Each structure stands twice: as C-alpha cells, then as structure tokens.
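Down below is the structure, laid out as structure tokens.
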Amino acid sequence: MMPIEPIVLSFGAALLLGLGYGAGPCNIACLPYLGPVFAATEGGIKKAWQTLAPFTLGRLTGYSLLGGLAGGLGLWVQDWLAAPWVRWLLGAATLLVGLSILFRRNRSACGKSCGQPPGTTLDIESRDDDTPPVGKMLPGSLFLMGLGMALNPCAPLMTVVLASATSASIISGISLGTGFALGAVFVPTLVFAFGVAHFGHQIRHHLSRHRVALENTSVVLLMMTGTATALGWMTP
C-alpha cells in the first residue's frame, strides 16, 4: 500500500471544508432521517429547535471527538470508522426516534380519549411520569442519530481525520474537528429550521384530516430507514 501524504489544515480551512460539505451532500444525507420527524411532530419553525438542538449537538460531538481521537491515535481511526458498528449506531438511533414518536403520539391520543374529562387535553411535557420509557427518549435518540451521522465517513471528513492525525495532537485534532463540525452543521440547521420544518408544518396543516395516517407513515419511514441503515442497504 502506498504511503498517504500528510495533510495540514488550519481551523479556518476545516471550517470552510465543513461549510462546503454542509451546503451540499449533508442536506441530502440528513433528509431521510430528519424529514419524517418534522412531518410527524407539531410546532413548525417555532419548535424546530426541539428536534435540531439534540441532533446538531450529536453531530458537533461526533466530529470533535473524531478529530481528537485522530490526533491522539492516528490513522487507526479510519479503520475504526469502517467497522459495522457505526452504521448499527445510526440505524438503532433512527429506530429509537421512530419508536419515541410512536409512543408519544399514542400517549397524547390516549390522554384525549382515555379517562380525560371532555374539553381537556394532556400536556405530554408536563406528564412525563406517565409516558412510557421509550416515549421519553426522543431527545437522546436524536442526539445519537446526529452522532451516528457524524461518524459515517465521507471524503471531507476523512481529510479532517488525516490532518488531525498529521498534527499528532489531541487538542489540535479537536480544534479541526470542531471547525469542520461548525461549518457542516451551519447550512443544514438553517435549511431544516426554516425550510423543512415549515414544509412539514404545511403538510400537517393541509392534511390535518389524515394526521394519524401521516404520523404513522412517518414512523414507518423512520423504521425502514433505520433498518436499511443498520443492514448496510442505505448509507448517509
């Protein structure tokens, strides 16, 4: 095997590399995972942060962690990323997101019809004690989904990993990983917060008569996406 030429990147260069990736392929890669979530949940743009915050934090954590590991452990990290467990993590997280949405929806429906006085509704957030454990896992599942997305290798990320390994410094690696992360999440966050969230809200509004079917379809799509990812049939 031919030796790999070392690469030197600055924080600014890693940031620009992340911006280029985030402005293009990243949006397409995230859509099958986040799109159904926005279609299945209420809130539109105003509450988009409830979905995006844990997902984005997971991606930021993943990219920064990779940079630090590459800085401390070298190119061994490349083999680590090629292991099947990376896709298993993302697939399992996607399945958990789907299950969380399903249980929260069923709890909300039960609150409106199972022993509640007429004209009252159940606030899911204020009744977490009665929510099934899986139904409480949505933020954590979204964090794991974002972490899994970050750990899936792509050419720009491998460039950052190589540059971090070249630096042979954990601190430098974390810096490069964080720079790439900030660039990679910036455009997708705007696109999903203002575009996809608004589009999902409009779909729910215009298909309000079929809300249950829409939510069930979103959950099924998440289940299918998670299963296909875990089995290696689909890569982000």
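Does any residue of the range 139-153 turn out to be under 15 Å from residue 53 (Cα atoms), more than 12 Å from the chain's Cα centre (by Cα) and hydrophobic (A, V, I, L, M, F, W, C)?
Within the range 139-153, none of the residues are under 15 Å from residue 53 (Cα atoms), more than 12 Å from the chain's Cα centre (by Cα) and hydrophobic (A, V, I, L, M, F, W, C).
When residues of the range 177-219 are filtered for being in contact with a Ser or Thr (Cβ under 9 Å, 6 or more places away or on another chain) and of a type in the set (Lys, Arg), how many remain?
1
Can residue 28 be described as under 13 Å from the mean Cα position of the chain (by Cα) and surrounded by fewer than 23 Cβ atoms within 10 Å (Cβ to Cβ)?
When the stated conditions are applied, residue 28 passes them.
Confirm whether residue 51 is crowded, with 23+ Cβ neighbours inside 10 Å and of a type outside the set (D, E, K, R).
Spelling it out, residue 51 is indeed crowded, with 23+ Cβ neighbours inside 10 Å and of a type outside the set (D, E, K, R).
Restricting to the range 189-224, and then to whatever is within 18 Å of the chain's Cα centre (by Cα) and among the small types (Gly, Ala, Ser), can you tell me which residue is surrounded by the most Cβ atoms within 10 Å (Cβ to Cβ)?
Result: 200.
Could you look through the range 134-155, keep only residues that are assigned to a helix (DSSP H, G or I) and surrounded by fewer than 20 Cβ atoms within 10 Å (Cβ to Cβ), and pick out the one that is modelled with the lowest pLDDT?
Per the stated criteria, the residue is 134.
Give the residue, chosen from 98, 115, that is at pLDDT below 95 and crowded, with 18+ Cβ neighbours inside 10 Å.
None of the others qualify; the one that does is 98.
The values are calculated or read from the model by the stated rules, or taken from the named source; none is laboratory data. Remember, predicted model here, so these are calculated numbers, not experimental data. Reconstructed Cβ throughout: ideal geometry from the backbone, glycine too, with neighbour counts over all protein chains shown.
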